[in-house]
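To keep things clear, I will list the structure first and then write my remarks on it.
Values in this text are rule-based calculations from the coordinates and carry no lab data. Being a predicted model, the structure only gives us computed values, none of them experimental. With ideal geometry, Cβ positions are generated from the backbone for all residues, glycine too; neighbour counts draw on all protein chains shown.
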Amino acid sequence: MNEHVEFTVKAEEDLFLTGTENTIRRVTAETNYSCLMLKTQRFSSLFRHYAKYHGLRKDDLEYYFVNPLENEDTPESVHLQRGDTIMVRKRRKPEPPEAAADDNEFIKDMRELLDDEEHMDCVFLVHDGGGSGGEGGGQKSGSATGSPSGVVPIAQTPYSLPTSGAKRSITDTYSDGSSSHVGDASASIVKKEEDDGARLIEIRAHRCVLTARAEYFKALFRKGLTTSASSGIVTSFFRESIDCVVKVEPTFPARIVRYMLEFLYTNRIQAMAASPGSGPLVAGINTDDLLCLLHLSDQWQLRDLKRLCEHELIRSHMSTNTVARMYCATEDFHANRLAKACIEFIMENIREVTGNVAFQEEMRHYPHLCIPILKAAADMIPEPVHKKQRTGDHGGSANTPGANVGGAGISSSPVPDSDA
């Protein structure tokens, strides 16, 4: 015998029928609605009946007893008894899922990976600047003084080492007495550099990270590149794919290479984390360092890093003292976004910039770059307003066509013939 159960459906809140033009309250909060169901009957029938009876959309409502009720549930499966109450309310939007991973934790892990030398299999050989521009200065970049424009030149900017960084002199050895370079090929390179009197610094990295982040390094470390030739198969590759040693030009000091590696590992540079307009020296990285990093990113085709450098130069480093240096660098480093921003800044501050001695000295070496500035200045000059030529005498001359129409003595302008 089929058993029934009697219960109540109670509105937890006001229930509305909502549309684009109007909203109607159908059920007031705390309103009870008595129901009778078979114990084995699915609640989908209750959901359909309640919504139809009260003039509501079924999909706009949700029901719960001790747990949310689903279409397949029955009074028997949820242990509903006589006199129990089921609550109904407007369907809640599902909560967004939690993030799969914490970005800060990922950045922290990548920084630790950057400081861990144990599994690093690639070496950058960087020229040590020596003197006050060396790696062991122990001062922050913003501590030097004496620059008239407030920007410390690269050769005078000390860089403080991280506590667990990957710097090691070429002459250092491991505890077993072996040299600190990688393989015999790298040893011959180091020997040659030492014969030339240059002191080099090793900065280590993971080749897999470099190749995953940059097409330049992917091509540099590629092995077994084969091309078809008339004599057979020719295998060609770069020397770096064998010895895993990248020789860095003397133009780029060690701190610039470190900034580059920090970006490749973490997709950001911590020294740039400063508020806009905080001056030419921002959190340990100055204008000259950014221009040098822009040069490196252009040479090694690091597009994202190049975009970051341009953005940071525009955001925090552009001034009447630095805009000429940035603008002249845009041609050598193919920085079109920075060039456009420099021209806009010059136009907005035309008197101050053109009267600046640094601007005049820089533009003397790049006279052809004055042409885009002149074009931008010409666009700012309003075009002269030409007066319309009078086509007739308002006095009603007899020689003017249509001077007297219908004997009224009213002068009319002639309509030009569009076909002439």
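Annotations
- Mean separation of Cα contacts under 8 Å, 6 or more apart, over the residue count of the range 4-90: relative contact order %: 41
- Global geometry of the range 4-90, whether rounded, prolate or oblate, following the gyration tensor of its Cα atoms and the 1.5 cut on a/c: prolate
- Near Asp73, once Lys and Arg are set to +1 and Asp and Glu to -1 for all other residues with Cβ below 15 Å from its Cβ, the sum equals -2.
- Computed from label points 7 Å out along Cα-Cβ, the spacing between Ser45 and Ile371 is 8.6 nm.
- Here the calculated FRET efficiency for Thr31 and Asn104, from their Cβ-Cβ distance with R0 = 35 Å, stands at 0.10, rounded to the nearest 0.05.
- Relative exposure of Cys309, Cys370, judged by other C-beta atoms within 10 Å (fewest first): Cys370, Cys309
- Going from the residue with the fewest nearby Cβ atoms within 10 Å to the one with the most, Ser297, Ser319 rank Ser319, Ser297.
- Counted by neighbouring Cβ atoms within 10 Å, the residues Asp73, Asp289, Asp115 run from fewest to most as Asp115, Asp73, Asp289.
- Straightening the chain between Glu76 and Asn2 buys 25.5 nm, computed as 0.36 nm per residue apart minus the Cα-Cα spacing.
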